[in-house]
Amino acid sequence: MSLEVQVAGETLVLFPERAAWWAAARTLLVADPHFGKASTFRSLGIPVPRGTTSDALERLDALLRRVDVRRILFLGDFLHARRGRSARTLGAVAQWRATHPGIAMTIVRGNHDREAGDVPGVGIEAVDAPLVETPFAFRHVPATDESGYVVAGHLHPGADLVGAGRQHVRLSCFWFGSRSAVLPAFGDFTGLWPITPDPGDRVFVIAGGEVVERVAR
Amino acid sequence: MIDALAEWFTARGWSPFPFQREVWHAYLAGESGLVHAATGTGKTLAAWLGPIAEWIAEGRPVSSAPRRQSYVPLRVLWITPLRALAADTAAALQAPLASLAPEWSIETRTGDTSSAARARQSRRLPTALLTTPESLTILLSRPESLELMRDLRLIVVDEWHELMGTKRGVQTELALARLRAIRPTLRTWGLSATLGNLGEALDTLLGTGAATRSRIVKGETPKQITVDALLPPVIERFPWAGHLGRGMAEPVAAALEHAESSIVFTNTRRQTEEWYRSLLDIRPDWAGLIALHHGSLDRSTREWVEQALRDGRLKCVVATSSLDLGVDFSPVDRVVQIGSSKSVGRLVQRAGRSGHRPGAESRITCAPTNVLELIDLAAARDAVEADEVESRRPVERPLDVLVQHLVTVALGTGFRAEDLRAEVQRTRAFAKLTDEEWQWAIEFVASGGGALGAYPEYARVVRQEDGDYRVESDTIAKRHRLSIGTIVSDGQIAVTYQRGKPIGMVDEVFISRLKPGDRFTLAGKTLEFIRVREMQAWVRRASTSQVTVTSPWSGTRLPISGALAARIRARLDEASRGVFRGPEMNALKPVLAVQQRWSRIPAADEVLIERVRTREGHHLYVYPFEGRLVHEGLAALVAYRLSRFKPISFSIATNDYGFSLLSAEPAPIEANVMFSVEDLADDLLAALNATEMARRQFREIARVAGLIFPGIPRSGKTARQLQASSNLFFDVFQKHDPGNLLVAQAYREVMERQLESARLARTLERLSRARVAITDPPRTTPFGFPLLVDRTRDRVSSETLADRVRRMQLALERAAG
């Protein structure tokens, strides 16, 4: 179940697949996929099972079937590390790209992209932050920006919940502040950073296939 | 040759105990064994003098190196569980050398050893090396070190009871098997406190393929142990968990008044800090005469305290289990235990810190922190008088430790699969290793794990053309040596004054929640947090002693042992029949009378269930009196089973006496289903999945198996690229590699060790046969109150209140929706 949110006079749709949809611009916003992270680990002698890349791409495909996307904007950290540029991972990404010829794809470069490098020759363009498209300024790192309401990634935001039986859960979330928003990390093998929202911020957690807003008292 | 030893004793006006002579003779006859006795009764000399006598009998051989002094190559490895003990033990071993074997040298090698000393040791080892299991394992990963062990005769494992039953114990077993493969006639002697399963302890120490004969040697008759209690001045009707403590400060201080030197043992670091303060508050003139000691204090502080205690300069040290072991504090004449000791073995061990001389009497005075703990005290004394001691169960087939060992051996000598398998299976831990598990472990290090297929980019251990497995990459070698070990703690961060003086360590999670200006206690001082920089927390002395945040450590609370739990139930059974023996039970009588009037005191064949309604909702209290860990599993199980009758959410609290389930609606009570032994395995697994227990256990496994790393300083970019939590691994494995044996191990460990499923099954067995007594008390009973308070505290803790409320609100919404 997706959920609509009004921000900077625009409507964004938040998907539990960990992406946001800017309907007016027919643009899908995806932050921090970290493709090739598992492969990076394996190259350093740590066994991570296969499947995280193809899983993420399938998740993207499912979204592309549901909404009429003209463009995908990756908000940084598209690739995890130079070491992770295995032929297999890059091949999978290129192949996936080729199945969507009608969709433009742009990466707003992030800290990992600078080390890992771009993915030239497959039709995925890369630009430096910010990418300003009024009313938004798309960045990787969520710093404030004079040129617009910032939509960013980088943090891998997670919200803490305490449930019955003294359980503690940390869930991936969308975090909207007064001047910037942080999207959840799209990649599977990425982890969460616990956020501490300010009063007035809106937090939407992804709870078992649903996007649920945390309501302040 | 024994005569030489006896003469050394005579020269000091002592004479050897018969058990010491027995160990010397057995050693010289080529035997291995296990010596058990209370601390301070001469076990060290029993193990130490045998190899000296042997060397004398061989004609005092020495090696000489060109242009260097002659020396005696390594003969004895002495393994100690605590590196803090290494220096003290070395001093004790040094004492007889001057007259018996001046050519011998003794050195230590632990995590504290300087790199210069380590470099020297990589060229030449001393005659006797004192080391920890971790440092020994690192030696095994260096082929040149193994070369220096050609003349090794004896391995002594000190405090074996501490290691057995842990993964460090398994690590030690594997190291011993490795050394025995190199030196088949090697003898092994374990030194241990008395255990309930000494035979098993010996078997675990020696493994199955030991070439030597072995025996168990009983040390000097146990010291006389007196257990007494400080009775609370006013018996409160409601035992407020932990809060009787303050009221007990005066009686404790009074008890210490006439002691020359004393140790006050607590069960947690937090309690240590609190009691140190309380004592100073009511006896300000003791400033400078009392100190505190726990594992999170800076090493130099700990060493200063230990030395001052040894010299008799301190009146009192408030300590955790950090002072349980080894070190000889002869001046100590009084020992106080704050709260329940939780196990008989621990009580005896701590009592042994007083009268630390053969034959002297040991006395321990217990101060309860809540009135119900008086039952624990009475029960513990019953067990001590009956000479009852707990057993320690050895760990079975921990594959994470095996995986680590495979890399260690590949780094050291390299290995052939079939040879190493035979060697590993000579340990008790892996005697029953299956083909599947072995194959999986090999593939896990060589190709990334069976079900995953071979990854071309993956190469931790590489199979050579000649069939040997070796580590080829220097990066992997370096990282592996840095991460050897099985102790997993939460990330710790050093706390430092602005000028750079270190104070101690606290949990990283704790620091991450602090704001500048927050005040907390460490090392008995109130500190004001400034900021975190360069992986250190910078603080200054606070101008006020008022703290704003508590407990810098997420301590795990020890559960009471099965032996003690049984004694507690026996004491309650007596009380249910109106029998109150001894001062503790009589002091407790008014409280138990309230319990009886409002509800019931369970007899031996009963299980008590109380239903209490409060503003919060419906509480179901169940009292199996089996210890907290068993109750955790039982509570999850019962909650899961009851939740199948109708949709309901429970909030769970557990302690050593029982557990409580809180729900908005009354819970269905189906006693025959709650405690049924049928479908236990399946239901427990389902209950486990409903909680986070397996996931939490996986943290340790991921670390030991080398999936995640402790913070390695200055490792730069590579380390950043490798950041992933055990949670991530757990998720990825569950999703993409469900057959992963490390995940399976997490479940097994939760079942077997954390929930003590064998004990849980026995408990269910008992409960399913017991008469169920259900009462509806007018309000929360004395038995129930600690549970009520505990849970309340868990919800409304001071500093993170705002955070917690926000989270809980969201949680409630989800539950309602």
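Each reported figure results from applying straightforward, stated rules to the coordinates on display, with no laboratory input. Please read all numbers here as calculations on a predicted model, not as lab measurements. Here Cβ is always computed from backbone atoms with ideal geometry, including for glycine, and neighbour counts include all displayed protein chains.
Charged neighbours of B:Leu728, selected by a Cβ distance under 12 Å, balance to +3 (K, R count +1; D, E count -1).
Hey, if you put +1 on the Cβ of every Lys and Arg and -1 on every Asp and Glu Cβ in the protein assembly as shown, which of B:Thr475, A:Cys173, B:Ser300 ends up farthest toward the positive end of that dipole? In the protein assembly as shown, that residue is B:Ser300.
Anisotropy class assigned to chain A is oblate, per the alpha carbon gyration tensor with a/c at or over the 1.5 cut-off and a/b no larger than b/c. If you take all other residues with their beta carbon under 13 Å from the beta carbon of A:Phe176, and give Lys and Arg +1 and Asp and Glu -1, the sum is -2. For chain B, find the longest principal axis of its Cα atoms and tell me its angle to the long axis of helix B:785-795, 0 to 90°, nearest 10. In chain B, helix B:785-795 runs at an angle near 80 degrees to the longest axis. Using Cβ point charges alone (K and R +1, D and E -1), the dipole size of the protein assembly as shown about the Cα centre works out to roughly 1160 debye. Let's test the formula: R0 of 41 Å, r as the Cβ-Cβ distance of B:Thr434 and A:His100. What FRET efficiency results, to the nearest 0.05? Using R0 = 41 Å, I get an efficiency of 0.30. Applying both filters, DSSP loop and at most 10 other Cβ atoms within 10 Å, to the GluC sites (Glu not before Pro) of segment B:107-186 eliminates every site.
The residue among B:Thr110, B:Ser64, B:Leu77 whose Cα reaches farthest toward the positive pole of the charge dipole of segment B:38-132, with charges on the beta-carbon of Lys, Arg, Asp and Glu, is B:Ser64.
Report, in degrees rounded to the nearest 10, the 0 to 90 angle that the Cα long axis of helix B:43-57 makes with the longest principal axis of chain B. That helix lies at roughly 10 degrees to the long axis.
Taking amide hydrogens as placed 1.01 Å from N in the peptide plane, the amide H of B:Val157 sits under 5 Å from those of B:Ile79, B:Trp189, B:Gly190, B:Leu191, each at least 5 positions away in sequence or on another chain. For the protein assembly as shown, the square roots of the Cα gyration tensor eigenvalues, ordered a ≥ b ≥ c, give a/c of at least 1.5 with a/b no greater than b/c, which places it in the oblate category. In chain B, the DSSP-assigned H stretches of four residues or longer account for a calculated mean residue ellipticity at 222 nm of -13000 deg cm²/dmol, using -39500 (n - 2.57) per stretch and the full residue count as denominator. Derived scalar couplings between HN and Hα for segment B:579-591 equal 9, 10, 9, x, x, 5, 5, 5, 5, 7, 3, x, 5 Hz in order, rounded to whole Hz, by the Karplus curve 6.51 cos²θ - 1.76 cosθ + 1.60 (θ = phi - 60°), x for Gly and Pro. Considering only B:Ser362, B:Ala587, B:Pro624, the residue lying farthest towards the positive end of the dipole of the protein assembly as shown is B:Ser362, judged by Cα position with unit charges set on Cβ. Calculate the FRET efficiency for B:Asp679 and A:Arg66 from the Cβ-Cβ distance with a Förster distance of 41 Å, rounded to the nearest 0.05. Between B:Asp679 and A:Arg66 the formula returns 0.50.
Between segment B:1-80 and segment A:120-157, what's the alpha-carbon centroid distance in Å? The two parts, judged by their Cα centres, are 72 Å apart. Inter-chain Cβ neighbour count for A:48-55, averaged per residue, equals 6 (cutoff 10 Å, partner chain atoms only). Shape class for segment B:62-136: oblate, because the ratio a/c of the largest to smallest gyration tensor axis (alpha-carbon atoms, square roots of eigenvalues) is 1.5 or more and b/c is at least a/b.
Can you check what the net charge comes to around B:Arg299, using other residues whose Cβ is under 10 Å from the Cβ of B:Arg299 (Lys, Arg +1; Asp, Glu -1)? Here the count lands on -1. Assuming charge only on the beta carbon of Lys and Arg (+1) and of Asp and Glu (-1), the dipole of segment A:74-192 about its Cα centre is about 440 debye to the nearest 20.
DSSP assigns beta bridges within chain A; of those with both partners inside it, close to 60 percent run antiparallel.
Given the pairs B:Lys167/B:Lys525; B:Lys43/B:Lys342; A:Lys37/B:Lys515, which span a C-alpha to C-alpha distance of over 28 angstrom in this model? Distance filter (> 28 Å) returns B:Lys167/B:Lys525; A:Lys37/B:Lys515. Looking at segment B:1-158, the DSSP beta bridges with both ends there are about 15 percent antiparallel.
Looking at chain B alone, DSSP beta bridges between its own residues are antiparallel in about 40 percent of cases. Modelled label positions at B:Asp281 and B:Ile669, each set 7 Å beyond Cα in the direction of Cβ, lie 4.0 nm from each other.
Placing unit charges on C-beta atoms (Lys and Arg positive, Asp and Glu negative, everything else neutral), compute the dipole magnitude of chain B about its Cα centre in debye, rounded to 20.
Using Cβ point charges on Lys, Arg, Asp and Glu, chain B gives about 1660 debye.
For the residues of B:436-446, the average number of beta carbons from a partner chain within 10 Å of their own beta carbon is 0. The label-point distance for A:Glu210 and B:Lys646, in a model that sets each label 7 Å from Cα toward Cβ, rounds to 2.2 nm.
In chain B, the longest principal axis of the Cα atoms and the axis of helix B:435-446 are about 70 degrees apart.
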